[in-house]
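Novice: Structure in structure tokens, see below.
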Amino acid sequence: MGTGTTIEELDRRFAIAGIAQVMAGNGGLPTVRITSPAASAEIYLHGAQVTSWKPAGAEEVIFLSEHSRWEDGHAIRGGIPICFPWFRAKADDPKAPAHGFVRTKAWQMESITRDGDAVTVSMSIGSDESTRKWWPGEFRLVHRVTFGTELKLELEVTNTGTTSLRLEEALHTYHRVGHVDNIRLRGLDGVTYLDNTDSNREKMQYGDVVLASQTDSAYLNTRHALELVDPELRRRIRIVKENSLTTVVWNPWREGAQSLSDLGDDEWQQMVCAEASNILGFAVNLAPGQQHTMKASIRVADL
Ligand code: TA6
């Protein structure tokens, strides 16, 4: 259903009584609010961005900044932004929006379905005049998210054109943590990474990732699952991914947070980004008509 559709029409068309409702969220932006026996959650049409997931009996898993902007043309700070079709700055065009153009605009609602207590929301976006301004690719992108005792994300891209595409992608997940000083990220031991805080120098990870300063690391050629161990929130977050060969770990720390107007000066302490992705030398090449789906799933367990 088109982006010009009113929230009332979207709700009439897609809502599932008592389980999933389309309503005006922050900034009046259309959002799907889910309240099922398995989880409560929220996903905005703006960027098809998950902004909350709380499995029954557990605390909020996703970090969302209280200083986020909620308007067309701007990215939501927190949640799970989708970076596509490039990551960070566009290599050949510094004026292009960071992390691509799909996180700053409204997607189309495709469907809301229920399977037991799990609810799946699908949204899509495709190439048009506004995307061709930055990138010639013809594409259709679908974000399919299942909210239940597990959070499952699928980012499916189809090359709808007649020429091959080379694209980068990331599910830029902001995890809410007790305190970033005390967490450990397992699953990257022995993996090579590029340190973006040190001129992308190539380094080797030894043991768990422990954050003690600004961190912006791209782990290369890794399919490994991650485990985020959080002693303060007494939980482990298991992140499993598919068709993803890079993992980015990011925290701006104090100094980086001060340069971000949409992140509170102390909020960096309650977040860490762990991003299933395909970036840099692991960008995806897609022939005409071809489709590629990157998947990630998140599960919470007690420590
Ligand atoms: O994922 C890490 C990163 O690429 C960092 O380089 C940093 O820029 C971060 O994303 C946030 O980017 P944003 O454009 O959302 O401010």
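Novice: Tell me whether region 219-236 contains one or more residues that are within 15 Å of the ligand (Cβ to nearest atom), under 16 Å from the mean Cα position of the chain (by Cα) and over 21 Å from residue 98 (Cα atoms).
Specialist: We begin by selecting, within region 219-236, every residue within 15 Å of the ligand (Cβ to nearest atom); these are 219-220, 226.
If we keep only those that are under 16 Å from the mean Cα position of the chain (by Cα) as well, we get 226.
From what is left, the residues that are over 21 Å from residue 98 (Cα atoms) are 226.
Yes, because at least one residue in region 219-236 is within 15 Å of the ligand (Cβ to nearest atom), under 16 Å from the mean Cα position of the chain (by Cα) and over 21 Å from residue 98 (Cα atoms).
Novice: Which is within 18 Å of the chain's Cα centre (by Cα) and within 11 Å of the ligand (Cβ to nearest atom), of 200, 251? Explain how you work it out, then say what you get.
Specialist: Values: 200 fails: within 18 Å of the chain's Cα centre (by Cα).
Being within 18 Å of the chain's Cα centre (by Cα) and within 11 Å of the ligand (Cβ to nearest atom) holds for just one of 200, 251, which is 251.
Novice: Still on this structure, please answer the following. Search region 47-75 for residues that are at positive phi and pair each with any residue that is among the polar types (S, T, N, Q) and within 13 Å of the ligand (Cβ to nearest atom) when their beta-carbon atoms are under 6 Å apart and the residues are at least 6 apart or on different chains.
Specialist: 73/104
Novice: Among the listed residues 137, 116, identify the single one that is open to solvent by 20 Å² or more (accessible area, probe 1.4 Å), of a type outside the set (D, E, K, R) and more than 16 Å from the ligand (Cβ to nearest atom).
Specialist: 116
Novice: Need pairs with beta-carbon distance below 7 Å; first residue under 18 Å from residue 274 (Cβ atoms) and of a type in the set (Ser, Thr, Tyr) and within region 189-211, second open to solvent by 80 Å² or more (accessible area, probe 1.4 Å) and part of a strand (DSSP E or B); sequence gap 6+ or separate chains.
Specialist: Once the first residue is under 18 Å from residue 274 (Cβ atoms) and of a type in the set (Ser, Thr, Tyr) and sits in region 189-211, its partners that are open to solvent by 80 Å² or more (accessible area, probe 1.4 Å) and part of a strand (DSSP E or B) give 192/202.
Novice: Let me ask something else. How do the strands (runs of 3 or more DSSP E) wholly within region 104-175 filter down when requiring 2 or more residues that are over 16 Å from the mean Cα position of the chain (by Cα) and at pLDDT 95 or above: which remain?
Specialist: Passing ranges, in order: 108-115, 118-126, 139-147, 150-159, 165-167.
Novice: Among strands (runs of 3 or more DSSP E) lying entirely in region 191-299, which contain 1 or more residues that are in contact with a Lys or Arg (Cβ under 6 Å, 6 or more places away or on another chain) and open to solvent by 40 Å² or more (accessible area, probe 1.4 Å)?
Specialist: In region 191-299, 235-242, 284-286 are the strands (runs of 3 or more DSSP E) which contain 1 or more residues that are in contact with a Lys or Arg (Cβ under 6 Å, 6 or more places away or on another chain) and open to solvent by 40 Å² or more (accessible area, probe 1.4 Å).
Novice: Also: Go through region 80-111 and count every residue that is under 30 Å from residue 301 (Cα atoms) and either crowded, with 17+ Cβ neighbours inside 10 Å or within 12 Å of the ligand (Cβ to nearest atom) (or both).
Specialist: Here the count works out to 5.
Novice: Sticking with this one: Being assigned to a strand (DSSP E or B) and open to solvent by 50 Å² or more (accessible area, probe 1.4 Å) is the filter; apply it to region 21-79 and report the residue that is nearest to the ligand (Cβ to nearest atom).
Specialist: That would be 64.
The values are calculated or read from the model by the stated rules, or taken from the named source; none is laboratory data. What you are looking at is a predicted structure, and each value in this text was computed from that prediction instead of being measured. For neighbour counting, all protein chains shown are included, and Cβ atoms are generated from backbone atoms with ideal geometry for every residue, glycine included. Protein only, heavy atoms only, side chains kept; ligands, DNA and RNA dropped before computing areas. Shrake-Rupley method; radii C 1.70, N 1.55, O 1.52, S 1.80 Å.
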